[in-house]
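**Student:** Sharing a structure with you now.
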Amino acid sequence: MRLSRKFFSQDVLKVAPALLGMDLVHQFPDKTVNRYTILETEAYRGETDLACHASKGKTKRTLIMYEPGGCVYMYLIYGMYWMLNFVTGKLNEPQAVLIRGIKGFNGPGKLTRALTLNGSLNGADLEHDDQLWVENTGISPAYTTGPRIGVAYAGEEWAGKPWRFLVKGAYSK
DNA sequence: GTAACGATCCTC
DNA sequence: AGGATCGTTACA
């Protein structure tokens with residue numbers, strides 16, 4: 001069953017771990033559908049989170065994160081990799097979940113390249129979009145937490161938060 | 001206007 | 001250990 005805006009409007013610290021084990025569903029224009037189990041996520045939570053892009057306040061780029069949960073937030077990093085994020089929280093609560101790993105592709109840049117996702121998806125509505133959505137599988141795998149990747153610049157307080165969620169054994173098999 | 005910097009990945 | 005590569009942001 002497709003996840004609703006209501007689900008994504010919960011706090012990011014609840015949504016990020018809940019997404020583990022669910023299916024990322026991708027549909028091509030010719031209706032070919034592929035499903036990928038979500039194995040790894042990271043939470044970015046509000047303007048006070050110095051690792052979150054919204055810590056700089058509202059800009060053209062971060063505006064989407066201030067919307068109610070359920071939108072797609074895509075952005076380009078290092079000039080070559082698109083990152084796939086889901087906006088969470090309520091209106092004016094800038095939060096997002098970075099989809100960091102799915103079955104078959106470990107790494108946020110690799111999975112978007114594999115699914116040919118790019119900036120044209122920015123702002124898409126996960127409840128109604130016909131290219132990308134998430135389905136509940138009823139599976140809640142055991143997971144571990146750890147500090148987020150690549151955010152050392154945010155300082156010890158924020159870089160050290162255990163806001164990375166990883167399915168146990170995701171990389172061992 | 002200009003300059004610096006990444007929520008990364010691949011190849012030495 | 002270092003390079004690719006460019007939109008976004010900060011600053012003058």
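**Student:** Picking from A:L91, A:L76, A:L84, which residue would you name as being farther than 18 Å from A:Q131 by Cα and assigned to a strand (DSSP E or B)?
**Tutor:** A:L76
**Student:** For segment A:128-173, what are the residues that are in a strand (DSSP E or B) and more than 12 Å from DNA strand B (Cβ to nearest atom)?
**Tutor:** The answer is A:L132, A:W133, A:V134, A:E135, A:Y143, A:T144, A:T145, A:G146, A:F165, A:L166, A:V167.
One line per residue, one yes/no per condition, for (1) surrounded by fewer than 24 Cβ atoms within 10 Å (Cβ to Cβ); (2) at positive phi; (3) of a type outside the set (D, E, K, R):
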| position | (1), (2), (3) |
| --- | --- |
| A:G57 | yes, yes, yes |
| A:K60 | yes, no, no |
| A:Y66 | yes, no, yes |
| A:V72 | yes, no, yes |
| A:L76 | yes, no, yes |
| A:Y81 | yes, no, yes |
| A:V87 | no, no, yes |
| A:L91 | yes, no, yes |
| A:V97 | no, no, yes |
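**Student:** Could you tell me whether segment A:103-115 includes any residue that is at pLDDT 95 or above, within 15 Å of DNA strand C (Cβ to nearest atom) and basic (K, R)?
**Tutor:** yes
**Student:** Continuing with this model, one more query. Could you check segment A:94-125 and list, in sequence order, the residues that are in contact with a helix residue (DSSP H, G or I) (Cβ under 7 Å, 6 or more places away or on another chain), within 22 Å of A:R164 (Cα to Cα) and part of a loop (DSSP other than H, G, I, E, B)?
**Tutor:** Answer for segment A:94-125, where residues must be in contact with a helix residue (DSSP H, G or I) (Cβ under 7 Å, 6 or more places away or on another chain), within 22 Å of A:R164 (Cα to Cα) and part of a loop (DSSP other than H, G, I, E, B): just A:P94.
The values are calculated or read from the model by the stated rules, or taken from the named source; none is laboratory data. Remember, predicted model here, so these are calculated numbers, not experimental data. Backbone-built Cβ (ideal geometry, glycine too); neighbour counts: all protein chains shown.
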